[in-house]
1. Specify which of the listed residues (I268, I288, I261) is of a type in the set (A, V, I, L, M) and within 15 Å of the ligand (Cβ to nearest atom).
2. Have a look at M418, M482 and point out the one that is touching a helix residue (DSSP H, G or I) at 6+ places or on another chain (Cβ under 7 Å) and assigned to a strand (DSSP E or B).
3. Could you grab me the full set of residues in segment 228-249 that are of a type in the set (K, R) and more than 10 Å from the ligand (Cβ to nearest atom)?
4. On the basis of being within 16 Å of the ligand (Cβ to nearest atom), assigned to a loop (DSSP other than H, G, I, E, B) and under 30 Å from L231 (Cα atoms), does G252 make the cut?
5. Tally time: how many residues in segment 445-465 are touching a Phe, Trp or Tyr at 6+ places or on another chain (Cβ under 9 Å) and within 12 Å of the ligand (Cβ to nearest atom)?
6. If a residue must be within 15 Å of the ligand (Cβ to nearest atom), without any contact (Cβ under 8 Å) to a residue 60 or more places away in the chain and surrounded by 15 or more Cβ atoms within 10 Å (Cβ to Cβ), how many such residues does segment 410-433 contain?
7. Might you check whether a residue that is touching a residue at least 24 places away in the same chain (Cβ under 8 Å), within 14 Å of the ligand (Cβ to nearest atom), crowded, with 23+ Cβ neighbours inside 10 Å and assigned by TED's automatic domain parsing to the domain that holds S245 occurs anywhere in segment 168-175?
Amino acid sequence: MAQMELNEQNIAEVVRQVLSGMQAQEQKAAVLSDSYDSVSYHGRRFLGVYPTMEEAIDHARSAYQVIREMTVEQREKIIAVIRKLTYDEAEIMAAIGVEETGMGRADHKLLKHRLVAEKTPGTEDLISEAETGDGGLTLTEMAPFGIIGSITPSTNPSETAICNCIGMLAAGNAVVFNPHPHAIKTTNYAVDLVNRASLAAGGPADIACTVVKPTMDTAKVMTGHPLVRMLVCTGGPGVVKAMLSSGKKAIGAGAGNPPVIVDDTADIPKAAKDIIDGCTFDNNLPCIAEKEVFAFESIEEELVYHMTKNGAYLMSPEETERLLEGGLGEKKDEKTGKTSLTINKKWVGKDARLILREIGVEAEADVRCAVCETDADHPFVQTELMMPILPVVKVEDIDEAIRLAVKAEHGNRHTAHMHSKNIDRLSRFARAVETTIFVKNAPSYAGIGFGGEGHCTFTIAGPTGEGLTSARSFTRRRRCVMSDAFRII
Ligand code: NAD
């Protein structure tokens with residue numbers, strides 16, 4: 001090991017690391033002591049959390065009035081502190097996120113928060129346009145909406161809230177949240193963090209507001225309130241539909257069921273590792289994560305073999321059957337008499353070993369994914385499980401692979417993946433599946449900037465077309481015309 005020279009600077013760095021390690025340990029212990037709720041963390045009262053949605057909106061309005069008078073540089077200063085606090089407190093949010101929702105992995109949630117801190121665009125995302133000609137100068141600028149109402153999911157609660165806040169504030173808005181009822185404490189922690197950052201940077205409190213107990217009723221107040229000019233909704237199909245029927249400008253970021261195609265030109269060991277890495281990230285909670293694989297018959301066995309070398313447990317057909325019985329149920333619609341599949345919520349985002357244990361399989365300590373070989377119509381293929389369970393379907397050729405993968409994606413146009421070195425096939429699948437995100441030869445998370453180029457977001461708006469949202473998504477275009485002047489040539 002290289003000998004480190006001791007000087008003032010690196011002693012300070014060592015001390016900082018030791019202290020932050022101790023602090024992290026203390027924070028971890030603190031979290032486990034369960035002394036946080038939807039309005040406070042260790043006695044520190046959350047900023048921006050109000051008893052009613054009306055009060056939350058009223059306070060957001062006051063903050064918006066201050067934001068309107070701020071310079072872009074001042075907004076950017078607040079965003080810089082939000083980034084810092086998000087980075088520094090990522091471990092706390094990761095821990096309480098897992099504890100409150102009972103889903104996901106703290107080590108991966110930590111990375112997700114750091115990704116938000118580092119790669120969510122700020123004010124640089126706003127670009128003004130100028131057109132000049134004989135008629136003079138016309139300027140188009142990206143203006144704020146005012147107060148945005150945001151509905152956030154349980155799967156990435158604080159990540160989504162902070163990512164939304166950075167983009168919305170960069171664009172000059174204030175925001176009110178109606179968080180998922182299973183992730184109130186975690187989301188409210190994030191709201192408080194954003195307000196602490198604002199105060200620390202000389203901004204107003206309440207740039208983000210929320211309620212003590214969000215419900216469908218508080219969501220209704222939020223969507224119907226005249227001061228809420230835009231709605232942003234990150235969640236499953238039900239809530240996206242509800243928001244899009246609100247009569248207001250809405251951004252809908254809905255469900256996905258991302259298929260993966262692996263053909264016979266792919267680097268199979270790498271494809272297997274990438275797929276398992278992506279599929280098991282935060283126990284498969286991200287909407288972009290690999291949900292089912294269509295593999296060429298000629299390489300399928302090799303692919304599954306390499307998956308097992310990377311933390312996958314290959315289930316027998318009997319075990320797969322048992323897992324199906326435990327993982328999915330049936331629900332009958334009283335009105336229509338039709339039956340549909342329901343997901344066992346207790347298994348969503350859980351460790352693969354825990355799920356396997358439920359069906360009597362005691363997997364090795366390094367197992368992080370349960371893989372099964374099924375046909376394309378299997379419910380594990382067709383349903384968005386959000387569990388580290390991965391069905392692999394054999395296909396004859398690229399035509400069959402694309403046909404089945406497009407069907408399994410259900411027209412969500414969300415995310416798809418492919419491992420191949422054949423450019424024609426890659427292009428064919430990308431064109432056919434029409435997803436917002438298409439990742440080639442990498443784990444799914446490369447699609448949101450983790451190990452891939454491009455910015456990060458946790459609100460991927462397929463249904464309404466904004467794509468990977470950022471500050472500019474939360475703006476309205478405004479035009480200013482100067483007739484016959486300001487053209488300098
Ligand atoms: P969910 O749909 O259960 O809940 C989302 C939010 O909507 C919650 O706050 C919930 O209380 C609220 N809600 C539900 N119905 C509503 C209605 N009619 N009116 C008002 N509010 C309503 O989502 P979840 O289980 O937390 O998240 C998982 C789902 O979200 C998956 O389908 C996943 O693919 C999707 N998701 C999509 C993205 C994306 O960027 N596209 C990101 C994360 C999650």
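The values are calculated or read from the model by the stated rules, or taken from the named source; none is laboratory data. These numbers were taken from a predicted model, which means no experiment stands behind them. Backbone-built Cβ (ideal geometry, glycine too); neighbour counts: all protein chains shown.
1. Numbers: I268 fails: within 15 Å of the ligand (Cβ to nearest atom); I261 fails: within 15 Å of the ligand (Cβ to nearest atom).
None of the other options fit; the residue is I288.
2. Details: M482 fails: touching a helix residue (DSSP H, G or I) at 6+ places or on another chain (Cβ under 7 Å).
After applying the criteria, what remains is M418.
3. Filtering segment 228-249 for residues of a type in the set (K, R) gives 229, 241, 248-249.
Selection gives R229, K248, K249.
4. On the way: within 16 Å of the ligand (Cβ to nearest atom): yes; assigned to a loop (DSSP other than H, G, I, E, B): no; under 30 Å from L231 (Cα atoms): yes.
Judged against the criteria, G252 is not a match.
5. First, pick out the residues of segment 445-465 that are touching a Phe, Trp or Tyr at 6+ places or on another chain (Cβ under 9 Å): 445, 447-448, 450-452, 456.
Filter once more, keeping what is within 12 Å of the ligand (Cβ to nearest atom): 447-448, 456.
Looking only at that region, the number is 3.
6. Residues that pass the stated criteria total 1.
7. Start the filter on segment 168-175 by keeping residues that are touching a residue at least 24 places away in the same chain (Cβ under 8 Å), which leaves 168-175.
The next check asks that each one be within 14 Å of the ligand (Cβ to nearest atom); those that pass are none.
No - not one qualifying residue is present in segment 168-175.
Residue-by-condition table, conditions (1) closer than 18 Å to T155 by Cα; (2) among the aliphatic types (A, V, I, L, M); (3) touching a helix residue (DSSP H, G or I) at 6+ places or on another chain (Cβ under 9 Å):
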position	(1), (2), (3)
K309	no, no, yes
E319	no, no, yes
L324	no, yes, yes
K331	no, no, no
A352	yes, yes, yes
